Amino acid sequence: MLGEIGIETSGGDRETGSGERLADSLELLADMGRDFARSLDIEVTLQSALKRITEYLGAEGGALFLLEEDETILHCQCCVSATNITGLTLRADHGIVGRCVQNNAGEIVRDVAADPSFAGSVDTITGITTRSILCAPLGVKEERIGASELINKQAGDGLFDAADLTLLQLLSNSASLAILNARMASALVEQEKTKRELE
C-alpha cells in the first residue's frame, strides 16, 4: 500500500520527491485520524478533513455523500467547492458516486464524458464543468455508509492517479469509523434519555 502512495518500498530507484510525498501523506492522515478520534462535532471534523484532502490532492472541489437510512438516497453531508451543494440528494444508484457506493469500490474516472454513468445533473445545478472524478466508498466491513468524491485535479497533467485514490480511500476509512462511532454515541444518548423519561 505504501508503494501505491508514491514510493518504491523494496529497493530500486526512488522517484524524485516520492519520499517527501509519502511523509506528507502519512502526516496528513495521522493529523486527520487524531482529529476524528477527539472530535466533539463530527460534521465540523468531516468538513475540515474534506477541505484538507481536496487541497492536498489539488482538486477543484470535493463532496462527502452519506446514505440515508433506507439506502435509496445519497445526501451531500458537506462539500468544498465554489458552489455549495451541501444538502443535495441523489438516488443511491445515480451517477459515478452511486456506482461507487453500490459496488463498494473506489474509482478513477479520467474523462467523465466517456463514462455512461455520468449524468451531469450536479453540473447543471452548480455551473461547474466536471472533467474527471476520484471516488472512494465509505463503509465498515459490509456496512455501506456513502462515498467521498473529488473532481477536476488541477495540478500536473490534470488527471487523478492510483496514489490519489489510495490516499482518498485511507481518509474515507478513517471517516467511516468516525461516522459510525458518532452514530453509536448518539444512539446511546437517545437510549439514556428514553430510559430517564420512562423512569
Over 23 Å from E71 (Cβ atoms) and open to solvent by 40 Å² or more (accessible area, probe 1.4 Å): is that true of G156 in this structure? yes
Of all residues in region 34-66 being at pLDDT 75 or above, farther than 19 Å from D161 by Cα and small (G, A, S), which is surrounded by the most Cβ atoms within 10 Å (Cβ to Cβ)? A49
Tally up the residues in region 74-86 that are open to solvent by less than 40 Å² (accessible area, probe 1.4 Å) and over 22 Å from Y56 (Cα atoms), please. 1
Residues (part of a loop (DSSP other than H, G, I, E, B) and surrounded by 13 or more Cβ atoms within 10 Å (Cβ to Cβ)) located in region 131-145: R131, S132
Restricting region 152-176 to residues that are among the charged types (D, E, K, R) and touching a strand residue (DSSP E or B) at 6+ places or on another chain (Cβ under 8 Å), the one nearest to A37 (Cα to Cα) turns out to be D164
Is one or more of the residues making up region 114-130 within 14 Å of the chain's Cα centre (by Cα) and open to solvent by less than 60 Å² (accessible area, probe 1.4 Å)? no
Condition met for L180 (more than 16 Å from T54 (Cα to Cα) and surrounded by fewer than 20 Cβ atoms within 10 Å (Cβ to Cβ)): yes
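The values are calculated or read from the model by the stated rules, or taken from the named source; none is laboratory data. On a predicted model such as this, the values are computed, not experimentally measured, just so you know. Cβ sites come from the backbone with ideal geometry, for glycine too, and all protein chains shown count toward neighbours. Remember, those area values only see protein heavy atoms, side chains included, never the ligands or the DNA or RNA. Shrake-Rupley method; radii C 1.70, N 1.55, O 1.52, S 1.80 Å.
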